[in-house]
1. Cβ-Cβ under 7 Å, sequence separation 6+ or interchain: first residue in region 121-132 and surrounded by 13 or more Cβ atoms within 10 Å (Cβ to Cβ), partner part of a helix (DSSP H, G or I) and among the basic types (Lys, Arg). Which pairs?
2. Quick check on Ile137: is it farther than 18 Å from Ile16 by Cα, surrounded by 15 or more Cβ atoms within 10 Å (Cβ to Cβ) and among the β-branched types (Val, Ile, Thr)?
3. Determine the pairs where a residue that is farther than 21 Å from Gly43 by Cα, located within region 53-81, has a partner that is in a helix (DSSP H, G or I) and open to solvent by less than 20 Å² (accessible area, probe 1.4 Å) with Cβ atoms under 6 Å apart, the partner being 6 or more residues away or on another chain.
4. Going by the conditions given, is Ser63 farther than 16 Å from Leu153 by Cα, open to solvent by 50 Å² or more (accessible area, probe 1.4 Å) and within 18 Å of the chain's Cα centre (by Cα)?
5. Inside region 1-18, can you point out the residues that are over 22 Å from Arg150 (Cβ atoms) and surrounded by fewer than 22 Cβ atoms within 10 Å (Cβ to Cβ)?
6. Please work out if Val23 is surrounded by fewer than 18 Cβ atoms within 10 Å (Cβ to Cβ), of a type in the set (A, V, I, L, M, F, W, C) and either on the phi < 0 side of the Ramachandran plot or out of contact with any strand residue (DSSP E or B) (no Cβ under 9 Å at 6 or more places or on another chain) (or both).
7. If only one of Gly78, Gly106 is part of a loop (DSSP other than H, G, I, E, B) and open to solvent by less than 10 Å² (accessible area, probe 1.4 Å), which one is it?
8. Are any residues in region 172-182 within 17 Å of the chain's Cα centre (by Cα) and surrounded by fewer than 17 Cβ atoms within 10 Å (Cβ to Cβ), and if so, which ones?
Amino acid sequence: MRVSVVIAAYNAEAYIAEAIESVLDQTVPPDEVIVVDDGSTDGTRSRLDRFGDRIVAITQANSGQAVAVNKALAMAHGELIGFCDADDLWTAGKLEMQLALLEADGSIEAAFGKVQQFVSPDVPEQHRARLAPDVEIMPGELKQCMLIRRAALMRIGPFDETLPATFFIAWLGRAKQNGLKIAHVDGIVLRRRLHLGNGGRTNTDAQNLQTLMALRTAIKAQRHQE
């Protein structure tokens, strides 16, 4: 099965190359990597250009991560879709583990796995304690952890572009309500980088509000089904 990987990047010059390399260097490499530069004003595009034809790189006016991800999905050709954030790292065996799970059971529509959180080495010492995670390794139902069958993704529908910070929470809630069958591999599939630019760390009020909106939307949808 062909695998397409989607990455949205905005002002990610510090980490985007390492993120892409972690995707390309899989023990079972993906067939296609699509990176959407969401109107970056730093050197993100120059970092992408260095990969040449190893990736498909496009640039759009700044429109938010959900718009960028949806745009990349519309271009993807794979039967399976994976995601990586511009500042996170896939573990080397992510695709191999998840492909094995999906190939062994055709009824499973999406595979997840464990996430390991780490404070980025470039974070100044005075900020490291504040960013240190309460739990280092845990089950991860994040989009960066997910490998999903394209047919299932299309069945559930696109990400909500009005929720730039919490669109995946809303989508996953909708997916579960619509019977998405998921399973977890017993291994770490993602290393989630914690740094001063994390949206969830630096814009907690906005993210909390969007999370609340996403949950309300999911509750309303469930009530309509009952």
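The values are calculated or read from the model by the stated rules, or taken from the named source; none is laboratory data. Computed from a predicted model, the values in this text were never measured in an experiment. Backbone-built Cβ (ideal geometry, glycine too); neighbour counts: all protein chains shown. Just so you know, the surface numbers come from the protein's heavy atoms only, side chains and all, with ligands and any DNA or RNA stripped out. Shrake-Rupley method; radii C 1.70, N 1.55, O 1.52, S 1.80 Å.
1. From region 121-132, the pairs are Leu131/Arg201.
2. No; evaluated as a whole, the condition is false for this residue.
3. Ala66/Phe167; Ile81/Leu153
4. yes
5. Tyr10, Asn11, Glu13, Ala14, Tyr15, Ala17, Glu18
6. Judged against the criteria, Val23 is not a match.
7. Gly78
8. The answer is Ile182, and nothing else.
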